[in-house]
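Can you keep this structure in mind? I'll have questions shortly.
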Amino acid sequence: MTYETDALIATDIKAYLKQHENKQLLRFLTCGNVDDGKSTLIGRLLHDSKTIYEDQLEAVTRDSVKSGTTGDQVDLALLVDGLQAEREQGITIDVAYRYFSTTKRKFIIADTPGHEQYTRNMATGASTCQLAVILIDARYGMQTQTRRHSFIASLLGIEHIIVAINKMDLMNFSEQVFDDIRKAYSEFARELETENIYFVPLSALNGDNVVNKSESMPWYQGKTMMELLETIEIDKDANIEDARFPVQFVNRPNLDFRGYCGTLAAGILKPGDDITVLPSGKESKIKALVTYDGELDYAVPGESITVTLQDEIDVSRGDMIVHRDHQPHVASQFKAMVVWMTEQPLVAYKQYNIKVGVSDSNGVMTHIDHQIDVNTLAHNAATELKLNEIGLCEFSLNKPVVFDTYKRNRHTGAFIVIDRLTNVTIGAGMITEAITDHSGQATTAANDTSAFEVELNALIRKHFPHWEAKDISQLLK
């Protein structure tokens, strides 16, 4: 904490709490290759911003003597790597979350593993983040995991990337080394959909350019890591145009009240707004936005609210309330980029549970358009996706679901694939488009096929892959 914050706590605790409540929250993750220094960087951020307690620092100091990995210095990575297996091996295995705050922002950090076998953990950590810190060891430059994690971060819609070129102290703080790595990454990043990329040379172990400016690299005139984290603009990232309210629970405490509870995923809702309930298509107006503290004049993304409507219409868990003039897709078939997370490969026509938002359904993957080589970003033909592989796939569900494309809305464009026997999440997907039928219209609630027809469609495509969609549709008629 800064001196100003400490003084405010001592003199006016209510003012401090109010200031803290109004701070903007930034979620970010650190990722990169093994031993690039991700956990050490987070430890240095916490230490130099004075956001760790004295007893924590004493415990880490004692543990540093036991591990002996940093000589006489405190091993700040131990602030994050808490599992015994992580400390024994000096690696990160599972995603570790840490919270800290400065006078300008609140932060939630996800420290993700560098090993290829834990790529699924990295994707999990990135799914809720607005910014990614990609660490690169200055000694080795870009590695396979650098490309893999950068691609996944871009795929998951993270719009801001900080490329932290670490361990500059081991390269004599060479400006040439920094420039070479920056040029190589910039060349690779041309294929990504991320425009906001920042480069910082640093030494997490010594604290150079992490929170404080480095005296060893006077040639770098840019912002430190902390300055970037505090100033990168994230207000424009949220979708406030398309109101999306997934219904999680129907609240019926008495005969006089029926409300629909959930978290507003996107857009702004106000009493009096014309809305449509999907997938049914029923229309009404918002009567009130209710919270524990009273009714709201409007609701913004991220707020948990209860919506009441002027008309008595059927609304259930899994439905979505949207503005009448900004509607998403309602379809049972779509294309999506999939990150596969289990040893058993993703294969066509096997039944899976598919969870899109709060809507549950059964479905099959009908076709893999291509698998992506994360090193070259080349598209390769494939009939299955193996552990940690990424590919563009087509899915067919047994009922229509409500969704946007992931690029338009991260909350309503994402889904997970669940094993029907173990109930374990085995894949994550980002929807790219709805699949249209032979008439050019997306499959909706009105023209959706039955579960039997979906299965029959899948079997026909399996045995007659050369048939076109219009031929299959004609046969089903």
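Every number in this text was worked out from the coordinates using simple rules, so none of it is lab data. Here the structure is a predicted model, which is why all the values come from computation and not from measurement. Methodologically, a virtual Cβ is constructed for each residue, glycine included, from the backbone with ideal geometry; neighbour enumeration extends over all protein chains shown.
Too long at a 27 Å Cα-Cα cut-off: which of 38/183; 23/183; 236/282; 183/213; 50/407; 14/106? Before the final figure, lay out each step's value.
On the way: 38/183 22 Å; 23/183 35 Å; 236/282 32 Å; 183/213 23 Å; 50/407 37 Å; 14/106 18 Å.
Violating the 27 Å limit, Cα to Cα: 23/183; 236/282; 50/407.
By average Cβ neighbour count within 10 Å, what is the ranking of 150-161, 321-332 from highest down?
Values: 150-161: 22.4, 321-332: 19.7.
Order by mean packing, descending: 150-161, 321-332.
Kindly put 435, 275 in sequence by how many other C-beta atoms sit within 10 Å of each C-beta, fewest to most.
The most exposed by this proxy come first: 435, 275.
Please get the size of the charge dipole for region 121-177, origin at its Cα centre, with Cβ charges of +1 on Lys and Arg and -1 on Asp and Glu, quoted in debye to the nearest 20.
Approximately 180 debye in magnitude.
Let me ask something else about it. Kirkwood Rh, region 244-323, all Cα pairs: how many Å?
Here the Kirkwood hydrodynamic radius works out to 12.3 Å.
Quick one: order 252, 98 by neighbouring beta-carbon count within 10 Å, fewest to most.
Ordered by Cβ neighbours within 10 Å, fewest first: 252, 98.
What would the Debye formula give as log10 I(q)/I(0) at q = 0.16, 0.24 Å⁻¹ for the alpha-carbon point model of region 238-278, no solvent?
-0.48, -0.93
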